[in-house]
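The values are calculated or read from the model by the stated rules, or taken from the named source; none is laboratory data. Keep in mind it's a predicted model, so treat the numbers as computed, not measured. Quick reminder, even Gly has a Cβ in these numbers, built from the backbone with ideal geometry, and neighbours come from all protein chains shown.
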Amino acid sequence: MTSPAGSTKADRVRRAVLADIMSGALAPGAPLDEVALAEQHSVSRTPVREALRRLQSDGLLSVGPRRQLLVVDVSPERRREVMTLRVALEGAATPASCELRDEDDLDGLELLLLKQERAAEAGDAEAFLRLDETFHLTLAGAARMPTLSRMLEQLGAFVRLGRLGEATTTPHMLGLVGEHAELVSLLRSRRAAKLRSTLAAHIERTSPRA
């Protein structure tokens, strides 16, 4: 299998471990063993150590007993914190998004709505939630605020972790598509204040509950 251009061994191990965390294959609280990971990915312990250090820096690993690294457990308090940050950051982007958005932004969001609708009708919750994250990043991206967008990308991992194990039904997913369509309509008409309040209500309503 060919590695992406510029990818290092540490990059590849980080992506693999991150994928296992996001899929639930590595459950919250699961310990990570450098030796086992090095054998699994056919590398030395040095790139494994670097990959784990970066995941710890991202807040996805915590230090447990005997300094062992564990997959972070997203507590109800952490979920509420993530929701609060999303409301603040995504809301802060709405004035600039309404001012700067162009037809390409709107076309991209409309395409994501179609893809989400298809995923919902197919009952593909995993694809739907990936598209949900992309939708929110694209909406905020219309503000042309790269630092804010990077912060939201980092929060995305915690949003996904908080959703692990939660049922996502087709009616629920279709309801979210309808809410997203309303957000696109408000962006199209450049109604920044209404977009901000509607977006905040949407995030608060759809965030995982304890």
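Side notes on the structure shown:
- Test: residue in region 144-156 that is surrounded by fewer than 19 Cβ atoms within 10 Å (Cβ to Cβ), hydroxyl-bearing (Ser, Thr, Tyr) and over 15 Å from the mean Cα position of the chain (by Cα): yes
- Within region 172-210, the set of residues being more than 18 Å from Thr138 (Cβ to Cβ), at pLDDT below 95 and among the polar types (S, T, N, Q) comprises just one member, Ser207.
- Residue check, Leu32 surrounded by 15 or more Cβ atoms within 10 Å (Cβ to Cβ) and either touching a residue at least 24 places away in the same chain (Cβ under 8 Å) or within 20 Å of the chain's Cα centre (by Cα) (or both): yes
- With respect to (1) assigned by TED's automatic domain parsing to the domain that holds Thr138; (2) surrounded by 17 or more Cβ atoms within 10 Å (Cβ to Cβ), the lone exception for Pro47 is condition (1).
- Selection within region 3-19 - part of a helix (DSSP H, G or I) and at pLDDT 90 or above: Lys9, Ala10, Asp11, Arg12, Val13, Arg14, Arg15, Ala16, Val17
- One residue from Leu61, Leu85 being within 28 Å of Leu137 (Cβ to Cβ), modelled with pLDDT of 95 or more and surrounded by 14 or more Cβ atoms within 10 Å (Cβ to Cβ): Leu85
- Within this structure, Leu89 passes the test of being closer than 30 Å to Val184 by Cβ and within 16 Å of the chain's Cα centre (by Cα).
- Taken as a whole, region 129-145 holds at least one residue that is in the same structural domain as Glu99 (by TED's automatic domain parsing), touching an Asp or Glu at 6+ places or on another chain (Cβ under 8 Å) and not in a helix (DSSP H, G or I).
- Only one entry of Leu55, Leu70, Leu113 meets the criterion of being under 30 Å from Arg196 (Cα atoms), surrounded by 14 or more Cβ atoms within 10 Å (Cβ to Cβ) and within 21 Å of the chain's Cα centre (by Cα), and that entry is Leu113.
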